[in-house]
């Protein structure tokens, strides 16, 4: 283990405490706290945990945090009506609809719902006008995960300007906005994906390697230039013992934890990368907690943009 | 000279002739042709040439093509009012405001004006909602130059999927949308720029190299992998004899043309690259004519989207 571990929990706590004066000032000035409304449709267990974490973090910061629950049987119109109510609400500055939506709503439901959120309240940064403004390097609301990665790099004094950055994964939520944020900070950015030949060799040119593919242990040491910074965005709950055996040697504490619980949350980066990388984010405790911190930062920004700075 | 020359003039003519049935069908069905309105502010000589070419090409295709001229003394409000008239016009499906606007309108004028164009008529693809929809791989209006490059690659049977593509330049008009279009066709894309170290070495990894920097002869043979496809988006009118002497040997026909005229339009790619590249776009006669063809394609698409398919 040579890589410096980038502690996302500690930085998340720090960022949230830095937001506190802004939340207090806003509340004093406007007679109400910044407000976050989350729409949760159905009973997906992972979604319930994510939503609870977001609401708790917002409350702890002194924000208003409301959960609008809809049953798994809700129609698309009912979901859109809930979004419309939050759009019109004078108490809610930020809105997010927890992904994924139930499949019964149809394949385009998420897109239709995200398009309906007022861009000024779109704290997940999924509305096309916010995506476009990000590409145009204009002030906007940016998805929390790539924003958290930038915060982690900057606060850890890892230079971005002039660096070669490789992003593995081209999702709208992580890969593409990540590439834009790195590009705008003067990195030279390569976006790789499932159709990239020689992926390991390209990844190994990176000073900053961001893995966002959702495949446990996908990034092995041959993907990593010695001393590179490796950011692990993957979060997968593994229940297959064979996968765990590939990642952790017998007797390893995490393998034993898996044996006790029957599941283990792991990232896209193989543990052996720690011997090669210069810096590395753990999973859990790396990028995940920063996503929540940046969501709260977005709620405060959205509040300040709409009703004027606190 | 080993590189195959990719003839933009011929392909532009072909694409325009392919648009003709669509224009005729639209006109027959709706009792009016698809309409393009161009707003030109001031007397910039290059802009006047570009605008004339666009209007002429639209007219030749049977489209309505209107030029709305405003004096260099026009205020921003007058420009916005003109855009508002075209937004409201039932005869205009596509609107573009010729860039650059006079500097007297202020540094943010272009941004404010482009934001005002109805996204459904935004045939330059500069509105943030259209930029966002491009990133999200949704149907939208895409800037003509990167769209023309894709058409040139596809019609020339140059494989994009699985290719390594390097884009030099990160402008909103060319570099960034170019990267997105290549990525969505399964290329592995690297975006380079003025802050990229070892630019030549990175460019030389490309199967498809797109140069969009506006620096005459910037891409020299060491930037090019033997056999690569090189797309030259640069269009610079050079009046400095020393620059021409760097590009063309004594006795070269283009150097003599410069001596006669006192100026010469050249690209970002040094002529010596022709000995290394597998395929190459000339300047002039490469990407330029395709930009106009794709603009007309956008006008027809905008018309069909708004009033229903012809």
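The values are calculated or read from the model by the stated rules, or taken from the named source; none is laboratory data. Note that the structure is a prediction, hence the values are computed from the model and not measured. Methodologically, a virtual Cβ is constructed for each residue, glycine included, from the backbone with ideal geometry; neighbour enumeration extends over all protein chains shown.
Every residue in the range A:173-205 that is touching a helix residue (DSSP H, G or I) at 6+ places or on another chain (Cβ under 7 Å), within 8 Å of another protein chain (Cβ to nearest Cβ) and either within 20 Å of residue B:207 (Cα to Cα) or not in a helix (DSSP H, G or I) (or both), please. The answer is A:188, A:189, A:190, A:191, A:192, A:196. Could you please let me know if residue A:212 is facing chain B (nearest Cβ under 8 Å), crowded, with 18+ Cβ neighbours inside 10 Å and under 23 Å from residue A:289 (Cβ atoms)? No: the conditions fail for residue A:212.
Tell me the residue from A:35, A:42, A:31 that is over 30 Å from residue A:271 (Cβ atoms) and without any contact (Cβ under 8 Å) to a residue 12 or more places away in the chain, please. Walk me through how you get there before you give the answer.
Details: A:35 fails: without any contact (Cβ under 8 Å) to a residue 12 or more places away in the chain; A:42 fails: without any contact (Cβ under 8 Å) to a residue 12 or more places away in the chain.
The unique qualifying residue is A:31.
Once the range A:162-172 is narrowed to residues that are facing chain B (nearest Cβ under 7 Å) and within 22 Å of the chain's Cα centre (by Cα), the residue that is surrounded by the fewest Cβ atoms within 10 Å (Cβ to Cβ) is A:172.
When the range B:87-127 is limited to residues that are surrounded by 20 or more Cβ atoms within 10 Å (Cβ to Cβ), assigned to a helix (DSSP H, G or I) and within 18 Å of the chain's Cα centre (by Cα), the one that is nearest to the other protein chains (Cβ to nearest Cβ) turns out to be B:114. Selection of the range A:161-171 for residues being more than 13 Å from residue A:193 (Cα to Cα) and in a loop (DSSP other than H, G, I, E, B) yields A:161, A:162, A:163. Farther than 30 Å from residue B:112 by Cα and in contact with a helix residue (DSSP H, G or I) (Cβ under 7 Å, 6 or more places away or on another chain), is that true of residue A:149? In short, yes. Taken residue by residue, the range A:74-84 has no member that is loosely packed, with under 14 Cβ neighbours inside 10 Å and either touching a residue at least 40 places away in the same chain (Cβ under 8 Å) or within 14 Å of chain B (Cβ to nearest Cβ) (or both). The residue pairs whose first member lies in the range B:57-69 and is in the same structural domain as residue B:97 (by TED's automatic domain parsing), whose second member is assigned to a loop (DSSP other than H, G, I, E, B), and whose beta carbons are closer than 6 Å, counting only pairs six or more residues apart or on different chains, are B:62/B:33; B:63/B:33; B:63/B:34; B:64/B:33.
Do you know which residues across the range B:241-256 are without any contact (Cβ under 8 Å) to a residue 24 or more places away in the chain, under 24 Å from residue B:212 (Cβ atoms) and over 25 Å from the mean Cα position of the chain (by Cα)?
Of all residues in the range B:241-256, those without any contact (Cβ under 8 Å) to a residue 24 or more places away in the chain come to B:241-242, B:244-245, B:248-256.
Now drop any that are not under 24 Å from residue B:212 (Cβ atoms), which leaves B:242, B:244, B:248, B:254.
Scanning the range B:241-256 gives B:242, B:248.
Remark: residue B:146 matches the filter, which requires a residue to be under 16 Å from the mean Cα position of the chain (by Cα) and more than 9 Å from chain A (Cβ to nearest Cβ).
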